[in-house]
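Before any comments, here is the structure.
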Amino acid sequence: MVNGLILLSQVGLLALLLFLAFRMSALVRTEPVSFTSPRYTREPLSFNRDTIEEPSPRPLSDRARLISQLHILASLQERDCRVNALALPSLPEEVRSYAAAWLYGAGCALSEKPTRHSDALASVVAQIASRKAGIRQPQALQTISTLTASPVLLACFRAGLEGAEFWRHSHYVPPTSSLYEAITANAFI
């Protein structure tokens, strides 16, 4: 019984293969490939490395790109905090301001020099900080504007700067520069 089924399957596959060959030959005979179509008659493209203009690097004032990078980095850091049993939205507002300072440092690292320390960058960071850390936007903007007044905020800013620089090249934030480490090293939690 089993041998008959195997033989029947082999005969069926052979019949399908023959049908495929017949069908392909019929298609080739009825529609030959024309190499005179416009697709095949173009001149080959010349390649001269001296005449190629390198695309200028897009300035990172491209708001959408910066926002997406910051969202990704903030989400990764928020997840890292959750894994380590640190829920950012439930922390005191002062500690959430540490997260805003860290994100501002990350934003400065991910943006180009002309857009660093600008009001536009501060507002983007404040929006993301309000979503990810649960801090109100005016409080986040206040934290960013008074960053140098507190050594703790400055330490969190530096950790965000270093973490985002490292993440930009390796898509990994070292634990010493992570948001979790910056918060736990500077706050009694």
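The values are calculated or read from the model by the stated rules, or taken from the named source; none is laboratory data. Just so you know, these numbers come straight off a predicted model, no measurement behind them. Cβ sites come from the backbone with ideal geometry, for glycine too, and all protein chains shown count toward neighbours. Accessible surface is based on the protein model in full, side chains and every heavy atom, while ligands, DNA and RNA are left aside. Shrake-Rupley method; radii C 1.70, N 1.55, O 1.52, S 1.80 Å.
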Taking 0.36 nm per intervening residue step and subtracting the Cα-Cα distance, what contour gain separates residue 123 from residue 170 on full extension? 14.3 nm
Please work out the average accessible area per residue across the range 61-188, using the 1.4 Å probe convention, and give it in Å². 50 Å²
Cβ-based net charge around residue 126, under 15 Å, with every Lys or Arg adding one and every Asp or Glu removing one: +3
Let's test the formula: R0 of 30 Å, r as the Cβ-Cβ distance of residue 93 and residue 62. What FRET efficiency results, to the nearest 0.05? 0.40
Cα-based shape type of the range 61-188, given that a ≥ b ≥ c are square roots of the gyration tensor eigenvalues and the cut on a/c is 1.5: rounded
Which value in nm describes the separation of the simple spin-label points at residue 27 and residue 11, placed 7 Å from the Cα toward the beta carbon? 2.8 nm
Computed about the Cα centre, the charge dipole of the range 61-188 from +1 Lys/Arg and -1 Asp/Glu charges at the Cβ has a magnitude in debye, to the nearest 20, of 240 debye
A correct Karplus calculation of ³J(HN,Hα) over the range 15-30, with 6.51 cos²θ - 1.76 cosθ + 1.60, θ = phi - 60°, whole Hz and x for Gly and Pro, returns 5, 5, 5, 5, 5, 4, 5, 4, 5, 5, 5, 5, 5, 5, 5, 7
Calculate one ³J(HN,Hα) per residue across the range 110-124 by plugging θ = phi - 60° into the Karplus curve 6.51 cos²θ - 1.76 cosθ + 1.60, and present them in order as whole Hz with x for glycine and proline. 8, 9, 6, 4, x, 9, 5, 6, 9, 5, 5, 5, 4, 5, 5
